[in-house]
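Here is the structure we will look at.
The values are calculated or read from the model by the stated rules, or taken from the named source; none is laboratory data. Just so it is clear, the structure is predicted and the values come from calculations on it, not from any experiment. Note that each Cβ is placed from the backbone with ideal geometry, even for glycine, and that neighbours are counted across all protein chains shown. Surface accessibility is based on the protein's heavy atoms, side chains included, excluding ligands, DNA and RNA. Shrake-Rupley method; radii C 1.70, N 1.55, O 1.52, S 1.80 Å.
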Amino acid sequence: MGYTMALNTDLAIKNWKPSKPREVKPCGHRDGLYIRANASGEKTFYWRKGSFYRLGDYPSLTLSKARAMAAVCNEQAKLGVEPEAIIAALRGAGSLTDVASMDADAIAAAPRSLVRSKASSEGK
C-alpha cells in the first residue's frame, strides 16, 4: 500500500478531487480525523476509533472545528468512555465545550440513536 497524502488545510480539502468514489483520506496529526468523499463528491469528516464515526459534512464543518471535535473524542476515549457514547453526546450537546467538560456518566447517558458510524451511513 502506498503513502497517502494527508489533507492538512481547508483549502486542500476544498481542492481535493477524489480518484475513486468513497475515497478516505487522513487529515493529519494522527488524531483519528479523516475525511471521506461520497460518489457525488460531497465530503464528510469522520473520527476513527476502531470504526469510523461521522462528525459532520464539509464545508459546514470546518477542518479546525473537526480537529477540535476529534481532540475531545480522543480525550474522552482516554478516560475510558466508549466511542459510541462520545459521538452520541456530541450530537446531543449544545456545544463542544459541553462534551469536553462532561463526566463519563453524563456521556454514557446520551442516546445511542444519535450515533452514525461509517457502516450505518453506507446505505445512504
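Okay, here's what the table says:
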{"item": "Complete set of residues in the stretch 87-97 that are open to solvent by 50 Å² or more (accessible area, probe 1.4 Å) and within 16 Å of Tyr53 (Cα to Cα)", "result": "Arg91, Gly92"}
{"item": "Matching residues, the stretch 67-86, being open to solvent by 20 Å² or more (accessible area, probe 1.4 Å) and part of a loop (DSSP other than H, G, I, E, B)", "result": "Leu79, Gly80, Glu82"}
{"item": "Criterion violated by Ala100 - all others in (1) modelled with pLDDT of 80 or more; (2) surrounded by 14 or more Cβ atoms within 10 Å (Cβ to Cβ); (3) in a loop (DSSP other than H, G, I, E, B) satisfied", "result": "(3)"}
{"item": "Among the candidates Ser60, Ser64, Ser40, residue that is in a loop (DSSP other than H, G, I, E, B), on the phi < 0 side of the Ramachandran plot and at pLDDT 90 or above", "result": "Ser60"}
{"item": "Every residue from the stretch 16-57 that is under 12 Å from the mean Cα position of the chain (by Cα), open to solvent by 40 Å² or more (accessible area, probe 1.4 Å) and basic (Lys, Arg)", "result": "Arg48, Lys49"}
